[in-house]
Ligand SMILES: [Zn+2]
């Protein structure tokens, strides 16, 4: 039948710096906590919604 299996990698871009990219190569589900390798900010990746939100900010002093 020649049905093509879609193996598109999903990608979420860092919402803070817009440079970092997170590629899903393992059919991720749910949420991941990652650090952007461009700006170093922590992000929560939500693979169900395909969005990234800023994670817990690093506490600095007061
Ligand atoms: Zn970033």
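Just a few scattered comments:
- Length released on extending from residue 38 to residue 17, taking residue separation times 0.36 nm less the Cα-Cα span: 6.8 nm
- Burial order of peptide ranges 16-27, 45-56 (average beta-carbon count within 10 Å, highest first): 45-56, 16-27
- Taking other Cβ atoms within 10 Å as a rough exposure proxy, 28, 33 sort from fewest to most as 33, 28.
- Relative to the current alpha-carbon distance between residue 4 and residue 54, full extension at 0.36 nm per residue lengthens the span by 14.4 nm.
Every number here is computed from the coordinates shown, using simple stated rules; none is lab data. Treat the numbers as computed from the prediction; the structure is a model and nothing was measured. In this analysis, Cβ positions are derived from the backbone assuming ideal geometry, glycine residues included, and neighbour counts consider all displayed protein chains.
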